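Below: one structure, written as structure tokens.
Derivation of every value follows stated rules applied to the coordinates shown; laboratory data play no part. Every value quoted in this text rests on a predicted model; they were computed, and no experiment measured them. Don't worry about glycine lacking a Cβ; one is built from the backbone with ideal geometry, like all the others, and counts go over all protein chains shown.
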Amino acid sequence: MGGSLSPGRKGNLPADTTTFVDRKHDVAEVRRLLSESRLVTLTGVGGVGKTRLALRAAAGTSRAFRDGVWVVDLGGVTDPELVVHTVLEQLGVHDDTVRMHRTVLVEHLRDRQVLMVLDNCEHVVAAAADLVDAVLRGAPGVRVLATSRERLGVDGEHLWQVAPLPPDPALALFAERAAAVEPGFVLDEGNHDEVGQICALLAGIPLAIELAAVRLRVLNLDHLLSRLDNTFRVLGDGKRGGDPRHQTLHAAVDWSFHLCTLPEQILWARASVFAGTFDLEAAERVCSGDGVAPEQVLHSLMGLVDKSVVVSEKHPSGTRFRLLEPLRQYGLEKLRAAGREQVLRERHRDHYIDWAERREQEWFGPAQPHIFRLTRLEQGNLRCALDFCFDSDGDHCVHLASTLWFYWAGCGMLGEGRHWLDRAVARAKPGPLRAKALWVNGYVATLQGDLTAATAMLDECRGYAVESGDASALAYSTHRIACTHLVGDDLDLADGMFEEAMRLYRGQGTVNSHTMLAGIELAISATFRHDFAAAERLCVEAKAVGEEHGEQWAQAYAIWVLALCAWVSGDLAGADRLGRECLRIKRTFHDLLGIVLSIEILAWISASQGNAGRAATLLGATSEIWQSVGYPMFGSRYFGAPHGECESAVVSALGEQEFRSVFRKGMDLELEDAIAFAIGEEQEREAAPVVALTPLTRREQQVADLIAGGMSNKEIAARLVIARRTAEGHVERILQKLGFTSRAQIATWVTQRRN
Ligand SMILES: Nc1ncnc2c1ncn2[C@@H]1O[C@H](COP(=O)(O)OP(=O)(O)OP(=O)(O)O)[C@@H](O)[C@H]1O
Ligand SMILES: [Mg+2]
């Protein structure tokens, strides 16, 4: 199931952020090659324009691919093992199973017509080549457009060498970029020659031209030319070996570097340890020290933004920064030459360990949805830190992999979680860190339905906990062993262990999402025993804890169990409402397991309501999502029974043939569309203008009104005489219910409704 991020849109081709200087011939040739060959690779030196050309050529072909154009940037991927994973992720296929990632990818693409743009393959050529080979063999409707500084070497590959810009387009690019920093700049007879000389010195390499053009902010054209001339004349002597265009780019970057202030140069080199984007806090923490105060970092960062070295991007959660790839590599060379790479990578690691610890703490609270979004943004850095830790000695890797449990287990990342946690377990020596890695990995494996692996790890953890007196490991491992029994259909053993775990948690005074889950999972067992009163009591208790702390993710599971109880006891309307509520929450976390369980229950409810068509569609959707999660209903008899009953009821209502065809439609829904269908968003949207219902509670509506009045959370808390944390919780829930990401959107929504 490929979840395109917005419903109905196929593909993820980004819009241009700067003007494109046309390369008509290249674009036409690349399109022609693509029509003849299933793999076209654009090669050429760094900064020559491979990525831009690939995106432009791809944009023009999108109509030819029914299932869209998908762009995967492999630039930040250093671990060849993560190549396939990254591709899956970019395609929106979140694979949480223990199946081979490559198989999952090929299966996903098998019946699809897709153009896959694999950008920046050069760091991981062999892994990218393997993947492309497998995809081309297994998925006949897929074509690949790759960019790489070197060829992939796959059978049937057609190469297109991207050359620097010819003189006229080069001049046009210079003029475009110059006008951006120097409004009013135009090419005319007076400056044509000078610009022409500049572009010639820069060998027509777009990146080099861009770096030079922004200098017009501080230099006039004459000065720019003479400075470049001094720098680049040496290249003409041809004394250095290698590709002369590479030397030109290097020299252009070098030149740009030397025009930076010393603090900017230091920041440039240090920031090269970030993978992908980073925020100001990270820059301040990682790049300060040794004579650079944290407060100075912002100033230098702004200087680098002005010089087009660093790009700044606006995100709902704040501004993030990125070094363009060739510039990052240059910075890294400087850092290495200064012998500082190790130190900086350690700082980067320490920052992200600290960052992950803080997010783990905050997870049990109103910031939960925000933490999910932030962790997604930091994924590249977290992977990079994990990679670094695993390559060096010590237990940092074990600690970091376990600390991120909430992301692996809660946000649809079971597959990647297993990847790191398996490595952690293989590495860790006996002790508390190993114990945590064991129970976290055992937890993740249980959710995947991999009970053999889970049991082995959890038993080891519990044995260690008993022997060493590690009370925390004892509680967590006992709890998770109970879960293996629950999904293994041994309710007696499960109940005993859940109760023991809850006793241990209470004795230690621990209250968090795990302790909530222990009660909720015990409630599931009670439901299977038809003890609905006990189940409801446990869920209401867990919900109360969640509400008090602003915790939603575990709370959603309590809502799921309440939906189950309501359904079994015949309150179909209540069950339906609860099932949809759970799904809405799980969607904000991209929690695939929670999502598929919610859609399951909505299918069962629809069947009971006599809506066999909707039930069949939903069953089709879940069958597709389970592929990405693990064994359907964990392979459990108890979990599986209602599913089986629902399916037989729907088949007899619709007839085998009709059932198959509707089921198939459900399978074909993209993840987001399946969720929208299950929630009934289409109907809600259509109904909204007529009845103007609000999804908000009265309290939330009050908070929304105050947000529209421009108040901060602190002010809202004071006005409503509630704790600030409670106010924050309301705001998060409003955002989530309305599907918004910013307060400004809430304000607009309120105003529109008033009108
Ligand atoms: N035809 C073009 N029109 C406008 N800008 C361009 C064009 N080609 C390249 N650029 C700009 O030049 C810079 C480098 O281009 P691009 O990133 O496509 O190069 P690349 O060959 O992919 O580099 P790398 O090997 O580092 O991945 C970018 O800032 C890009 O926007
Ligand atoms: Mg590129």
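Sort by residue number and name the cysteines in the chain that have no neighbouring cysteine Cβ under 4.7 Å.
Isolated Cys, the chain: CYS121, CYS199, CYS260, CYS287, CYS384, CYS411, CYS461, CYS483, CYS539, CYS565, CYS582, CYS646.
If you line up the long axis of helix 656-668 against the longest principal axis of the chain, both from Cα atoms, how many degrees apart are they, to the nearest 10?
The answer is roughly 40 degrees.
Please label the shape of the range 121-163 as rounded, prolate or oblate, based on the square roots a ≥ b ≥ c of the eigenvalues of the alpha-carbon gyration tensor (a/c under 1.5 means rounded; beyond that, a/b larger than b/c means prolate, else oblate).
oblate
Enumerate the amide H contacts of HIS315 below 5 Å, restricted to partners 5 or more residues apart or on another chain; note that Pro and chain-start residues carry no placed amide H.
Residues meeting the criterion, in which the H sits 1.01 Å from N, are ARG320.
Add +1 for every Lys or Arg and -1 for every Asp or Glu among the other residues with Cβ under 10 Å from the Cβ of GLY431, and state the total.
That sum, taken over residues with Cβ under 10 Å, equals +1.
Could you work out the equivalent-ellipsoid semi-axes for the chain, taking the square root of 5 times each eigenvalue of the Cα gyration tensor, largest first, in whole Å?
Three semi-axes, in Å: 49, 30, 27.
I need the peptides 647-659, 325-337, 415-427 ranked by packing, meaning the mean over residues of other C-beta atoms within 10 angstrom, with the highest value on top.
Packing order, densest peptide first, comes out as 415-427, 325-337, 647-659.
Quote the relative contact order of the chain in percent (integer), defining contacts as alpha-carbon pairs under 8 Å separated by 6+ residues.
Worked out over the chain, it gives 10 percent.
Compute the angle between helix 414-427 and the longest alpha-carbon principal axis of the chain, please, reported from 0 to 90 degrees and rounded to the nearest 10.
80
Count the net charge of all other residues whose Cβ sits under 9 Å from the Cβ of PRO169, scoring Lys and Arg as +1 and Asp and Glu as -1.
Once all neighbours under 9 Å are counted, the net charge is -1.
How tilted is helix 341-363 with respect to the longest principal axis of the chain? Cα atoms for both, answer in degrees (0 to 90, nearest 10).
That works out to roughly 30 degrees.
If you average the sequence gap of Cα pairs under 8 Å that are 6 or more apart and divide by the length of the range 262-360, what percent do you get for the contact order?
36
Considering only C-alpha atoms, what is the centroid distance from the range 500-562 to the range 600-644, in Å?
So the two Cα centres are separated by 23 Å.
Taking Cα pairs under 8 Å and at least six residues apart, what relative contact order does the range 24-161 come out at, in percent?
Normalised by residue count, the contact order of the range 24-161 is 38 percent.
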